[in-house]
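Accompanying notes for the structure given below.
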Amino acid sequence: MGFLSNLFGNKKSEKQNDKQKENKDISESQEREKINKQPMGISFNISSDESNGISISSSPVGVVTGSTATDFYVYEWFIKNTSEIFYVGKGRGNRYKEFHERAYEAEKIRKMYDTDVRFVGTGLTEEQAIELESQEMTRILNETNDRLTNRIIPLFTKRDNGHDRSPNTTELQFETAPHLYASEIEDHYFGVKSRPFDDVKYENLKAVVFISRNIRNEIDIIFGGNLDKYQSETKTFLSKNENKILKSQYAKSVTAWIYIGDDYVTNYNLDQEQALEKLGRNIPTYHLIDVWKFLKEKFGELEPDPIEGITINPIHNRAPLKDIKNLHDWSKGFDEGKPYWDDGDKERKDGNLERAIELFDIARYKGYNAPALYNSYAMAYRKLKDYDNEIAIIDEAIERLHSEENKTNEVLIMKYKERRAKALLLKQKTK
């Protein structure tokens with residue numbers, strides 16, 4: 001199981017990732033369906049073999065509908081003057097020449113270039129068409145340099161489709177801002193190039209919005225594995241100098257966007273179009289590392305925050321982490337604990353905070369470990385002005401998220417740390 005866990009992620013991490021979507025704070029920037037890279041579908045077969053134990057092979061890419069027709073075909077669209085294949089599909093009737101609404105890049109190529117279609121196979125059953133479509137995509141990605149625009153491709157091909165970053169994308173470096181990048185498709189077919197973030201100007205830092213998008217190896221490479229240091233120091237610099245940190249990207253008073261990760265340059269252009277439409281102006285767009293460097297040079301080193309030295313003394317009935325049931329079986333913990341969280345969150349919303357916390361304690365003891373539980377805990381304790389327990393439960397949430405190898409968790413951890421800082425401040429004010 002260890003090999004498969006490392007290669008594909010185990011059931012625990014898959015289910016945990018699914019359930020983390022309950023947390024409404026996860027990045028708002030994932031819905032640009034026609035532009036953003038969507039996750040590739042991964043399909044594979046696992047079979048045992050007495051000689052070598054296990055073998056893994058890619059399954060065909062496609063969904064069987066159960067049709068018994070035998071007039072399916074597989075086709076490919078290509079550019080006439082270069083013969084480059086940019087899309088492989090299957091269908092019946094006139095599908096090969098119809099507009100493909102979800103194949104945005106392919107349709108853009110058909111509009112910009114002189115293209116044609118050819119059939120790879122005809123007179124096929126649905127299963128045969130699916131199998132041949134996968135074989136043809138594998139051939140193209142293994143034997144040619146053609147950039148396919150298909151979003152779902154077979155597993156174990158030598159190359160990916162063209163939705164990943166262009167090979168011309170600037171490599172990541174420590175404490176160096178990345179570029180807003182073009183995909184390989186955008187670069188190759190449409191001449192779209194990456195662009196750097198804007199140079200930081202202090203007058204544009206009056207009211208900023210932090211944007212968490214496409215966080216990938218930046219955490220390890222650009223931030224040296226310590227993203228929180230750079231973000232918290234930047235926010236402290238801004239706050240100490242009376243600059244505002246806003247939540248809405250298109251707030252009327254926004255003066256700059258500060259990216260934590262990066263994004264497609266196409267999305268950046270769309271964002272600027274939205275800014276022109278909604279605000280009547282473009283928004284200066286900076287990267288966190290550049291803003292951090294600028295503020296550090298302008299104001300010098302930060303003094304230690306005295307709030308961080310505040311002692312907390314939470315009084316509660318929560319079981320120690322080591323005594324939690326299903327501690328290493330996330331799926332079972334979810335199944336046994338989530339009903340108690342459901343009931344507890346209803347009680348919380350009804351104002352029955354003490355009862356809600358009792359139910360959260362049971363959910364946690366049963367092994368429920370979703371961000372939703374910790375969010376509910378924190379909101380209940382904040383309402384009770386029990387800042388010690390709010391801080392303690394946030395610390396536990398951060399500790400457990402740190403133990404998982406999941407880049408999405410970094411966004412959650414940042415948000416938990418922001419809430420923790422606010423709780424510390426409120427605790428200090430109550431002294």
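FYI, it's all coordinate maths here, none of it is from the lab. In this text the structure is predicted, and so the values were computed from the model without any measurement. Note that we place each Cβ from the backbone using ideal geometry, even for glycine, and neighbour counts take in every protein chain shown.
Odds and ends about this structure:
- Put a dot 7 Å past the Cα of LEU302, heading toward its Cβ, do the same for SER83, and the two dots end up 6.0 nm apart.
- Those aspartates and glutamates that a straight Cα-Cα span of less than 18 Å connects to LYS108, excepting residues fewer than 8 apart in one chain: GLU33, GLU76, GLU84, GLU98, ASP116, ASP146, ASP164, GLU184, GLU186, ASP187
- Loop GluC sites (Glu not before Pro), segment 190-278, which have at most 11 other Cβ atoms in a 10 Å radius of their Cβ (DSSP): GLU242
- Loop-located chymotrypsin sites (Phe, Trp or Tyr not before Pro) in segment 150-237 (DSSP state other than H, G, I, E, B) with a sparse environment of at most 10 neighbouring Cβ atoms within 10 Å: PHE174.
- Counting beta carbons within 10 Å around each of ARG364, ARG110, ARG92 and listing the fewest first gives the order ARG92, ARG110, ARG364.
- Three-way shape label, segment 356-431, alpha-carbon gyration tensor, a/c 1.5: oblate
- Computed from phi, the 3J(HN,Hα) profile of segment 148-165 under the Karplus parametrisation 6.51, -1.76, 1.60 (θ = phi - 60°) reads 7, 9, 4, 7, 10, 10, x, 6, 6, 7, 6, 10, 7, 6, x, 8, 7, 4 Hz, with x in place of Gly and Pro.
- Of LYS240/LYS422; LYS252/LYS296; LYS111/LYS158; LYS244/LYS293; LYS240/LYS415, pairs whose Cα-Cα distance is over 23 Å: LYS252/LYS296; LYS111/LYS158
- Pairs from the table (LYS206/LYS229; LYS201/LYS247; LYS235/LYS429; LYS229/LYS278; LYS332/LYS385) lying more than 26 angstrom apart at Cα are LYS229/LYS278; LYS332/LYS385.
- Seen through its C-alpha gyration tensor, with square-root eigenvalues sorted a ≥ b ≥ c, segment 84-146 comes out oblate because a/c lies at 1.5 or above while a/b is not bigger than b/c.
- Relative exposure of THR170, THR255, judged by other C-beta atoms within 10 Å (fewest first): THR170, THR255
- Order of LEU424, LEU205 under a 10 Å beta carbon neighbour criterion, fewest first: LEU424, LEU205
- Within segment 367-431, the GluC sites (Glu not before Pro) that combine a DSSP coil assignment with at most 11 other C-beta atoms in a 10 angstrom radius are GLU405.
- Three-way shape label, segment 192-318, alpha-carbon gyration tensor, a/c 1.5: prolate
- In this rough spin-label picture, where each label sits 7 Å from Cα along the Cβ direction, the ASP164-LEU279 distance is 3.4 nm.
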